[in-house]
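Q: Input: one structure, supplied below.
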Amino acid sequence: MNIIIIEDEFRAAKSLQTIIAELKPESKITGIYDSIETSVEFLSKGIKPDLIFMDIHLSDGLSFEIFKQVEITCPVIFCTAFDHYMLDAFKSKGVDYVLKPFSREDIAEALRKVDELKKFFQKNELPELEALFQKITQPQIPSKSSFLVFKNQKYTTISTENIAYFFIHNEITHLMTFDKQQFQLTQTLGQISEQVSQKQFFRVNRQYIVNFTAIKEMEHYFQRKILVKLIIETPDQLLINKEKSPTFFAWLEDR
């Protein structure tokens with residue numbers, strides 16, 4: 001892991017360097033910069049670190065100016081003596097906000113958060129946190145409680161809680177109930193994924209969305225995939241790739 005430190009206090013920078021070397025001996029400090037100007041100059045060269053420790057008050061201004069001049073795609077741990085910049089920090093890819101004077105335990109906890117986040121993302125990049133904040137504050141649309149279906153020249157509604165899974169067969173979307181009734185739908189799986197409860201349903205792959213209640217067991221499969229078995233038989237094997245499996249297990253535990 002390549003790490004850079006942006007800090008204009010000599011003692012704080014050296015302390016960080018020492019603690020990081022102890023906690024992450026396999027990592028490499030590729031540079032220590034004490035201003036917006038020198039930081040932008042380095043980052044403008046196209047060199048992309050895996051992690052940045054960044055003070056907020058630098059000798060030539062607030063470090064948030066750096067984000068306006070260069071693109072930063074790696075996580076940032078802010079270390080500062082001021083606590084009133086916290087929201088701005090998290091909008092700027094901040095994964096932790098450590099107050100000075102920091103301890104070895106503070107830095108260890110911040111690094112632990114970075115390691116945990118990397119398990120949930122395929123790349124060592126964080127999503128746009130500002131977009132996430134906007135999504136969180138938007139009014140939540142209630143999940144669908146039923147789906148209208150047509151079969152045998154009749155319309156009827158199927159309660160969402162009675163649906164074991166949704167799936168695609170011959171390019172047509174279907175639902176399967178817990179009593180093994182199958183119905184066609186006009187919606188795509190993408191549309192259904194946005195309409196049902198994210199806590200109750202999970203899209204395991206491009207062909208299937210499953211109900212938590214329908215899951216019987218899971219087991220390891222070839223190429224580090226996960227094989228999911230339901231209490232209701234499915235036309236195909238339900239396989240989750242290795243990149244998506246951490247998100248799937250986190251969903252399972254979120255009860």
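Q: Long-range amide H contacts for ALA164: which residues qualify at under 5 Å (H placed 1.01 Å from N, peptide plane, sequence gap of 5 or more or a different chain)?
A: MET176, THR177, PHE178
Q: Using the Karplus equation 6.51 cos²θ - 1.76 cosθ + 1.60 (θ = phi - 60°), what ³J(HN,Hα) coupling, rounded to whole Hz, does each residue of segment 227-238 give in order, writing x for Gly and Pro?
A: 9, 9, 10, 9, 6, 10, 4, 10, x, 10, 5, 9
Q: Roughly how many Å² is the accessible area per residue of the chain, as a whole number, for a 1.4 Å probe?
A: Each residue of the chain exposes 60 Å² on average to a 1.4 Å probe.
Q: So who's got an amide H within less than 5 Å of the one on SER27, skipping anything under 5 residues away but keeping other chains? H placed 1.01 Å off N, in plane.
A: Residues meeting the amide H criterion: none.
Q: Amide H of SER146: which non-local residues (sequence gap of 5 or more, or other chain) have their own amide H closer than 5 Å, using H built in the peptide plane?
A: Amide H neighbours of SER146: THR160.
Q: Additional query: Write down the percent of antiparallel bridges among all DSSP beta bridges whose residues are both part of the chain, to the nearest 5.
A: The answer is about 65 percent antiparallel.
Q: Express the carbon and sulfur contribution to the solvent-accessible surface of the chain as a percent, rounded to the nearest whole number, probe 1.4 angstrom.
A: The C+S portion of the solvent-accessible surface of the chain is 50 percent.
The values are calculated or read from the model by the stated rules, or taken from the named source; none is laboratory data. Every value quoted in this text rests on a predicted model; they were computed, and no experiment measured them. Surface areas here come from the heavy atoms of the whole protein model, side chains and all, with no ligands, DNA or RNA. Shrake-Rupley method; radii C 1.70, N 1.55, O 1.52, S 1.80 Å.
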